[in-house]
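Notes for the one structure printed next.
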Amino acid sequence: MKISLITSILVLFGISVLSSCQYLDRHGEVEQQQRDYLSEVKSVNKLVLAQMTISKMATINDIDLTKAEGMKQMAAGLMDAVKVGDRKAAYSYDTYLRAFLDLSALTPEDVKVDDVNKTITLTLPPVQTEFAGRDLEIREDHYRVSGLRSHIDPKERAEIKEKMNTALKKEVEEKSEFRSRLEAEGRSKADAYFKSLLGTDGYNVIVNFK
């Protein structure tokens, strides 16, 4: 059995946690008062900005004797060659990576309001990324076992899934473009979100990142 691994990604952008504030007096009427911008921003707490779906595919094919590596693969390839029929399959599964902001540690120094120049300068923490789960089961995209060939059993499927999971996590850690792409889009979404949230009273909102 030869397992080949392929990776593809799908990026979904959009803020999944929103916040709004309303100021009411004791009679339930809208009250004109000084807004607490720091509390408004911190109330969001954890802001998820974008999510990336990373798909890993594994294909199973008979070993090509001309490409066999070592005696074990050569022996397996020879066994495959004398058996009647075909044994090919393709499996895939998704794991999810997301970009977010942790706003719980913001301080008054991070939200500066200039009432004279009608400017709010917001300094946000760096956009972070994290794994946000994965599919429990692998998907069977293609399956062809004919002749006298043995079916792909649960043990082999478990081995395939583990190889896909290990390879995928290694790629994410080694290839910075996965996280970099999410972080860049996260900063863009955060900029637009907080300008919309805080700029409703005619203030010009400047968003910076630590």
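The values are calculated or read from the model by the stated rules, or taken from the named source; none is laboratory data. Model, not experiment: these values are computed from the prediction. As a convention, Cβ positions derive from the backbone with ideal geometry for all residues, glycine included, and neighbour counts pool all protein chains shown. Keep in mind that these areas ignore ligands, DNA and RNA; they rest on the heavy atoms of the full protein, side chains included. Shrake-Rupley method; radii C 1.70, N 1.55, O 1.52, S 1.80 Å.
Against the list (1) of a type in the set (D, E, K, R); (2) open to solvent by 90 Å² or more (accessible area, probe 1.4 Å); (3) within 27 Å of Leu49 (Cα to Cα), the condition Glu162 fails is (3).
Return the residues of the range 198-210 that are surrounded by fewer than 17 Cβ atoms within 10 Å (Cβ to Cβ) and in a helix (DSSP H, G or I); say none if nothing qualifies. Please lay out each step first, then the result.
Of the range 198-210, the ones surrounded by fewer than 17 Cβ atoms within 10 Å (Cβ to Cβ) are 199-202, 204, 206, 208-210.
Within the range 198-210, Gly199, Thr200, Asp201 meet the criteria.
A single entry from Arg144, Arg139, Arg157, Arg149 fulfils the requirement of being in contact with a Gly (Cβ under 6 Å, 6 or more places away or on another chain) and more than 11 Å from Thr95 (Cβ to Cβ): Arg149.
Is it true that some residue in the range 85-100 is in contact with a Pro (Cβ under 9 Å, 6 or more places away or on another chain), of a type outside the set (A, V, I, L, M, F, W, C) and either surrounded by 18 or more Cβ atoms within 10 Å (Cβ to Cβ) or modelled with pLDDT under 90 (or both)?
Checked the range 85-100: no residue is in contact with a Pro (Cβ under 9 Å, 6 or more places away or on another chain), of a type outside the set (A, V, I, L, M, F, W, C) and either surrounded by 18 or more Cβ atoms within 10 Å (Cβ to Cβ) or modelled with pLDDT under 90 (or both).
Of the residues making up the range 101-116, those that are at pLDDT 90 or above and either on the phi > 0 side of the Ramachandran plot or polar (S, T, N, Q) (or both) number 1.
For Lys169, the conditions (1) under 28 Å from Leu197 (Cβ atoms); (2) surrounded by 12 or more Cβ atoms within 10 Å (Cβ to Cβ) are fulfilled apart from (1).
Go through the range 186-197 and give me each residue that's surrounded by fewer than 19 Cβ atoms within 10 Å (Cβ to Cβ) and either under 13 Å from the mean Cα position of the chain (by Cα) or among the polar types (S, T, N, Q) (or both). Ser188, Ser196, listed by residue number. On inspection, Ala75 passes the criterion of being at pLDDT below 90, open to solvent by less than 60 Å² (accessible area, probe 1.4 Å) and farther than 18 Å from Arg144 by Cα.
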